[in-house]
1. For a quick check of your reading: which helices (runs of 4 or more DSSP H) sit entirely within region 1-116 and have at least 3 residues that are more than 16 Å from ligand 2 (Cβ to nearest atom)?
2. From (1) under 23 Å from LEU44 (Cα atoms); (2) touching a residue at least 12 places away in the same chain (Cβ under 8 Å); (3) not acidic (Asp, Glu), pick out the condition that doesn't hold for GLN137.
3. Is at least one residue of region 163-184 within 16 Å of ligand 1 (Cβ to nearest atom) and either among the small types (Gly, Ala, Ser) or assigned to a strand (DSSP E or B) (or both)?
4. Could you say whether any residue in region 36-57 is farther than 24 Å from ASN207 by Cβ and among the hydrophobic types (A, V, I, L, M, F, W, C)?
5. Can you give me the number of residues within region 188-213 that are in contact with a helix residue (DSSP H, G or I) (Cβ under 6 Å, 6 or more places away or on another chain) and in a strand (DSSP E or B)?
6. For the condition surrounded by fewer than 18 Cβ atoms within 10 Å (Cβ to Cβ), of a type in the set (Phe, Trp, Tyr) and either within 13 Å of ligand 1 (Cβ to nearest atom) or farther than 20 Å from PRO159 by Cα (or both), what is the one hit in PHE18, PHE13?
7. Check region 33-49 and report whether any residue there is more than 25 Å from GLU173 (Cβ to Cβ), away from ligand 1 (no atom under 16 Å from the Cβ) and surrounded by 15 or more Cβ atoms within 10 Å (Cβ to Cβ).
8. Could you list, in sequence order, the residues of region 139-160 that are in a helix (DSSP H, G or I) and either surrounded by fewer than 21 Cβ atoms within 10 Å (Cβ to Cβ) or within 16 Å of ligand 1 (Cβ to nearest atom) (or both)?
Amino acid sequence: MTLLNAISLSHAFDYPLFEDISLSLNAGESIAIVGVSGSGKSTLMHILSSLLTPLQGRVELFGNNIYQLDDKALVKLRRNDLGMIYQSHYLFKGFSAYENLEVATLLSGEVIDPILLKRLGIDHVINQKVTELSGGQQQRVSIARVMSKKPRLIFADEPTGNLDHATAMDVMEIFEDYLKEHHAGMVLVTHDEALASRCTHIYRMQNGLLKEV
Ligand SMILES: Nc1ncnc2c1ncn2[C@@H]1O[C@H](COP(=O)(O)OP(=O)(O)OP(=O)(O)O)[C@@H](O)[C@H]1O
Ligand SMILES: [Mg+2]
């Protein structure tokens, strides 16, 4: 089953950023997007994940053209089916890690999985305030928050940027197991070649074009 289908996307801010980008993602698969800083990877992620309307082209998620959905359908899609892990993680600062997860699971009608917390190595800090956690711990809380929603599609922009190599590899394994178990898909932006090479497809953003590596 095709989860994501992007057709001939182009975007520009003050100057053209990229053009004619097409890609598709099937259930159980992952796509890595690599490329130098400023090449447009995050912008492409925003377009693929319903946050930014492209200048040209279209994005279909689960067979729906997302930029033609009404607001209600879009909110429902984001809440239930999409998991977004951003470069800077937007945790609620005044809350504990656990409360941050609760917000996501209450909205999506899921439950917090203690095994996931243990595998991410955050089970022992889960009741601490987010501001009392290290950068890498906060990053893992934001990964747990997204995965606790049980999304069908995960968009992860440098999700392991604050983690050491071994922990990053552990997180990747958690993602891989999740995709298999839930027939979900993932688009991963990363500068880490070791992480990218574990994905089903690798694309490089270069000179405004996206090419499969
Ligand atoms: N909202 C915006 N308005 C104007 N320009 C923007 C906007 N968002 C991004 N840009 C510009 O588009 C270019 C690509 O930015 P983008 O964040 O997509 O790069 P990136 O490949 O994710 O880089 P990095 O690896 O550093 O995260 C940059 O030059 C950036 O300044
Ligand atoms: Mg970026």
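1. Hits in region 1-116: 71-80, 97-108.
2. (1)
3. Among the residues of region 163-184, not one is within 16 Å of ligand 1 (Cβ to nearest atom) and either among the small types (Gly, Ala, Ser) or assigned to a strand (DSSP E or B) (or both), which makes the answer no.
4. Filtering region 36-57 for residues farther than 24 Å from ASN207 by Cβ gives 50-51.
Remaining after also requiring among the hydrophobic types (A, V, I, L, M, F, W, C): 51.
Scanning region 36-57 turns up at least one residue that is farther than 24 Å from ASN207 by Cβ and among the hydrophobic types (A, V, I, L, M, F, W, C).
5. Qualifying residue count, region 188-213: 3.
6. Values: PHE18 fails: surrounded by fewer than 18 Cβ atoms within 10 Å (Cβ to Cβ).
Residue meeting the stated conditions: PHE13.
7. Scanning region 33-49 turns up no residue that is more than 25 Å from GLU173 (Cβ to Cβ), away from ligand 1 (no atom under 16 Å from the Cβ) and surrounded by 15 or more Cβ atoms within 10 Å (Cβ to Cβ).
8. GLN139
The values are calculated or read from the model by the stated rules, or taken from the named source; none is laboratory data. In this text the structure is predicted, and so the values were computed from the model without any measurement. Here Cβ is always computed from backbone atoms with ideal geometry, including for glycine, and neighbour counts include all displayed protein chains.
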